[in-house]
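Novice: After the structure tokens below, expect a handful of questions from me.
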Amino acid sequence: MLPIVPDTLGPTTDALRPTTAGTLTGSVPATNERAGLYSRYARRYARLVTMPTTAPAAHGLADVTASDSTLRRFLHGLPGVDTVGLEARAASLGTRSIKTTAKAYALDLAISMVDLTTLEGADTPGKVRALGAKAVRPDPTDRTAPATAAVCVYPDMVPAAKAAVAGSGVKVASVATAFPAGRASLAVKLADVREAVEAGADEVDMVIDRGAFLAGHYLKVYDEITAVREACGTAARLKVIFETGELSTYDNIRRASWLGMLAGADFIKTSTGKVAVNATPANTLLMLEAVRDFRAQTGVQVGVKPAGGIRTAKDAIKFLVLVNETAGEDWLDNHWFRFGASSLLNDLLMQRQKLATGRYSGPDYVTVD
Amino acid sequence: MSERLSVFKTYKLYVGGKFPRSESGRVYEVTDAKGKWLANAPLSSRKDARDAVVAARKAFGGWSGATAYNRGQILYRVAEMLEGRREQYVAEVAGAEGLSKSKAAAQVDAAIDRWVWYAGWTDKIAQVTGGGNPVAGPYFNLSSPEPTGVVAVLAPQDSSFLGLVSVVAPVIATGNTAVVVASERHPLPALSLGEVLATSDLPGGVVNILSGRTAEIAAPLAAHQDVNAIDLAGAGEELAKELETAAADNLKRVLRPQPVDGADWSATPGTERMTAFLETKTVWHPTGALGASGSSY
């Protein structure tokens with residue numbers, strides 16, 4: 001487990017000195033220096049010895065976001081990522097052989113976790129309707145195939161998507177905040193979010209400001225996420241996209257994950273699907289570790305959504321193994337784990353047909369979108 | 001003079017323009033006519049067949065969309081490359097079929113000539129099998145042949161090279177892509193053919209070559225929903241029946257094994273093997289014969 005609260009105070013002996021100095025007489029410490037020590041001492045142990053007088057923070061890590069420097073100190077205090085170890089572990093978990101009934105279970109689970117996505121400039125209401133129909137009933141020839149978790153569209157397509165999946169339990173997710181670049185002012189981003197939520201989006205996929213993150217302005221990113229979180233209200237769950245392909249190091253991905261979770265993300269999501277490097281087993285493993293540790297620390301469960309580049313059922317099953325072995329069974333549910341994909345669904349359906357009939361299926365037997 | 005260490009060749013599959021080993025990791029021993037060990041060949045599994053179909057499907061758009069003239073050039077280039085490795089094929093065919101060197105050479109020459117012959121057909125077959133149809137109405141009615149799609153080809157079991165070329169070349173000449181199951185006992189010339197195809201401008205995936213037990217690989221291919229046709233040249237009577245039944249599921253085109261007399265692969269082939277894997281597309285186009293209907297335009 002990660003050490004969560006970096007020691008923001010001086011060495012322990014420093015903090016303890018006042019107890020020996022001040023208790024005998026019971027007198028009030030005279031000097032300013034002494035007062036400073038007391039308050040530091042009090043701050044450090046306040047949580048342990050006193051009842052909270054203010055409303056409790058959402059979780060025990062609220063104070064790390066007090067200022068830019070505490071946030072930076074916290075994020076940079078996270079342990080560094082062992083790159084070789086991480087990739088080796090992700091690769092070794094990808095070697096499991098999942099067959100027969102386990103495979104059938106995994107395929108159905110994966111289908112139920114797909115956020116069926118269309119994010120093209122050429123999207124039309126007709127295409128979104130077709131996608132919605134497919135999300136509700138992925139395999140029209142087999143009614144036992146589960147529905148997908150959601151359809152994911154641009155904000156202006158939310159009404160069309162909402163109508164297409166009405167009454168089915170399939171959610172509508174909308175990207176927002178100037179997706180995919182995120183290069184717009186906060187006001188524009190919030191307007192984008194509000195529009196999506198007002199149109200009825202059940203989930204909002206926001207992108208973080210990678211420029212600010214890479215420049216080290218963590219608090220700016222944090223504030224932006226909390227503002228978007230607020231704009232989502234209680235109606236919509238918030239997915240925060242880090243665009244891991246642009247964060248360049250695993251350490252940054254770990255920091256971004258914690259930053260997003262601290263700011264109140266319901267889901268942390270790898271990528272937009274618009275850059276060269278999207279979801280990989282390694283970066284998803286890293287994020288799964290982060291949500292596991294975050295829940296252990298704060299009791300708050302956060303979902304994970306790898307997106308982009310997952311095209312085959314085999315890959316999807318590898319991700320499910322990662323989830324089970326890292327975060328645990330609690331995440332094996334489409335409330336806590338999603339795949340952002342479009343072509344993946346067809347491969348899952350073809351594998352499902354193969355399992356049911358014994359014959360290899362082909363692209364002629366699934367819908368082309 | 002010191003004796004050289006022997007350098008054995010690792011025969012591998014040819015799938016999607018690459019040379020993978022079998023997914024299963026298995027190999028089997030290939031022997032010559034007298035039972036002497038020649039080499040180890042990959043023993044393909046059904047998953048290799050599946051991968052080959054995926055590769056062939058991926059290559060189909062580009063290959064069928066290429067101009068017939070371009071296809072002809074590429075096939076001719078294959079013949080050029082075959083010519084350059086003639087000695088190797090003579091040795092492999094002689095070893096596999098137990099022929100004398102001169103008889104094997106005659107087989108190889110015939111195979112190369114046949115390849116050239118089919119290369120010439122690429123831009124002519126449409127004129128022979130397509131054309132304008134006379135119809136009673138103000139329409140142009142045009143039929144043109146189009147490739148069927150992904151064709152599974154079971155290569156003849158005995159004629160390891162001439163037979164192989166005689167079934168593969170007509171399939172790809174018309175724009176189909178092929179998954180070839182090499183002769184079970186004599187797979188080496190087929191696996192070497194992959195090396196020639198890889199170096200002759202033929203896009204990866206147009207021809208995919210698998211070696212192994214014909215029955216084991218052919219069964220999933222015959223049942224495969226994404227295979228459009230199957231050539232049963234290399235299947236025995238019983239196996240052919242079984243495969244044809246499996247192929248009926250998605251209405252595959254099936255070319256049955258020809259009668260034993262037809263197994264003389266040196267005879268002039270005719271166009272049947274090409275037309276077996278062509279679909280005829282017919283287009284009706286109004287001629288706009290407005291004068292006939294009395295319009296004043």
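No lab work stands behind these numbers, since they all come straight from the coordinates. As the structure is a computational prediction, the values presented were derived from the model and not from experiment. Cβ: placed from backbone, ideal geometry, glycine included. Neighbour counts: every protein chain shown.
Novice: To two decimal places, what compactness ratio does the protein assembly as shown give when its Cα radius of gyration is scaled by 2.2 N^0.38 Å?
Specialist: Compactness ratio reported: 1.28.
Novice: Report, in listed order, any pair from A:Lys103/A:Lys318; A:Lys354/B:Lys47; B:Lys9/B:Lys101; A:Lys127/A:Lys162; B:Lys58/B:Lys124; B:Lys18/B:Lys58 with a Cα-Cα distance greater than 19 Å.
Specialist: Result: B:Lys9/B:Lys101; B:Lys58/B:Lys124 exceed 19 Å.
Novice: Still on this structure: What does the charge count around A:Leu131 come to, taking other residues whose C-beta lies under 15 Å from its C-beta (Lys +1, Arg +1, Asp -1, Glu -1)?
Specialist: Around A:Leu131, the surrounding residues sum to 0.
Novice: Considering only the other residues whose Cβ falls under 15 Å of the Cβ of A:Ser248, what net charge follows from Lys and Arg at +1 and Asp and Glu at -1?
Specialist: Net local charge, A:Ser248 excluded: 0.
Novice: Okay, next question. Kindly rank A:191-198, A:285-292, A:208-215 from highest to lowest mean number of other beta carbons found within 10 Å of each residue.
Specialist: A:285-292, A:191-198, A:208-215
Novice: Please list, short to long, the whole-number percent of alpha-carbon pairs of the stretch A:244-311 in consecutive 10 angstrom bins beginning at zero.
Specialist: 23, 56, 20, 2
Novice: Rounded to the nearest 500 deg cm²/dmol, what is the calculated helix-only ellipticity per residue at 222 nm for the protein assembly as shown, with -39500 (n - 2.57) per DSSP H run of length n ≥ 4?
Specialist: -14000 deg cm²/dmol
Novice: Sticking with this one: Once you average over the residues of B:224-230, how many Cβ atoms of partner chains fall within 10 Å of each Cβ?
Specialist: 4
Novice: Quickly rank A:163-173, B:177-187 as a protection proxy: mean count of other C-beta atoms within 10 Å, highest first.
Specialist: Listed from highest to lowest mean packing, they are B:177-187, A:163-173.
Novice: Determine the percent antiparallel among the DSSP beta bridges restricted to the protein assembly as shown, to the nearest 5.
Specialist: If I count the DSSP bridges inside the protein assembly as shown, around 30 percent turn out antiparallel.
Novice: May I pose another question? For labels at B:Thr271 and A:Glu195 in the simple 7 Å Cα→Cβ model, what's the distance in nm?
Specialist: 5.9 nm
Novice: If you don't mind, another one. Assign one of three labels to the stretch A:83-365, namely rounded, prolate or oblate, based on the Cα gyration tensor with a ≥ b ≥ c the square roots of its eigenvalues; rounded applies when a/c is under 1.5, prolate when it is not and a/b is larger than b/c, and oblate otherwise.
Specialist: oblate
Novice: If you count, for each residue, the other Cβ atoms within 10 Å and average over each peptide, how do B:204-212, B:123-131, A:296-304 line up from highest to lowest?
Specialist: The packing order, highest mean first, is B:204-212, A:296-304, B:123-131.
Novice: Right, next: Quick check: the distance between the Cα centres of the stretch A:338-369 and the stretch A:235-276, to the nearest angstrom?
Specialist: Centre-to-centre (Cα) distance: 29 Å.
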